[in-house]
Amino acid sequence: MTPAVLDATMAEQYRTQYRNLLREAENECPAPEQSKREGKRGRVARSKSRNRLERIQNFEADVLRFLDDPVVPFSNNQAENDLRMIKVQQKVVGCFRSMDGAKTSCRIRSYISTCRKQGLTASEALRLLFQGKWPGFMT
């Protein structure tokens, strides 16, 4: 199934709305004064909110990539889900006992995640693995 493509007019309307919201955010969270500070060097400190605002302004094309590329998902939930089990493992056990154990765990999670994205259940993916067979999409 091919993802739906947003027409160019609608995508431009969303970009315009995005830029308008960023202008409002600019008023709510203005940049700090760049005046000369006595005895201090470097950039003027910015709040977390200001840093985030500048980041989404500077990387607009990346933030809105899903408007132009139907393969790019709207959110990064899948990436976060892929990492969540690693964090749970660290919290429950405290850490991995060895680097080899961490690598093995990541390899297994990656295999299962890839299989699930291709429509296989985790149990089916593991069954094929233990039978020494590759899933159909890997051949």
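Within segment 1-36, the set of residues being at pLDDT 90 or above and hydrophobic (A, V, I, L, M, F, W, C) comprises 10, 11, 21, 22, 25.
Filter segment 105-139 for residues that are polar (S, T, N, Q) and modelled with pLDDT of 85 or more; which is nearest to residue 78 (Cα to Cα)? So that I can check it myself, show each step before the final result.
In the first step, residues of segment 105-139 are kept if they are polar (S, T, N, Q); the result is 105, 110, 113-114, 118, 121, 123, 131, 139.
Cutting the leftovers down to modelled with pLDDT of 85 or more gives us 110, 113-114, 118, 121, 123, 131.
Values: 110: 12, 113: 9, 114: 11, 118: 13, 121: 16, 123: 19, 131: 28 Å.
The qualifying residue nearest to residue 78 (Cα to Cα) is 113.
How about segment 99-139: which of its residues are polar (S, T, N, Q) and surrounded by 12 or more Cβ atoms within 10 Å (Cβ to Cβ)? Lay out the reasoning, then the answer.
Going residue by residue through segment 99-139, those that are polar (S, T, N, Q) are 104-105, 110, 113-114, 118, 121, 123, 131, 139.
Within segment 99-139, 104, 105, 113, 114, 118 qualify.
Of all the numbered requirements in (1) assigned to a loop (DSSP other than H, G, I, E, B); (2) without any contact (Cβ under 8 Å) to a residue 60 or more places away in the chain, residue 71 misses one, and that requirement is (2).
Here is a yes/no grid of residues against (1) surrounded by 10 or more Cβ atoms within 10 Å (Cβ to Cβ); (2) in a loop (DSSP other than H, G, I, E, B); (3) among the aliphatic types (A, V, I, L, M):
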residue: 22; (1), (2), (3): yes, no, yes
residue: 27; (1), (2), (3): no, no, no
residue: 31; (1), (2), (3): yes, yes, yes
residue: 67; (1), (2), (3): yes, no, yes
residue: 75; (1), (2), (3): no, yes, no
residue: 86; (1), (2), (3): yes, no, yes
residue: 95; (1), (2), (3): yes, yes, no
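The number of residues in segment 87-118 being under 23 Å from residue 128 (Cα atoms) and not charged (D, E, K, R) comes to 13.
The values are calculated or read from the model by the stated rules, or taken from the named source; none is laboratory data. Keep in mind that this is a model prediction, so the values were computed, not measured. Note: ideal-geometry Cβ built from the backbone for every residue, glycine included; neighbour counts use all protein chains shown.
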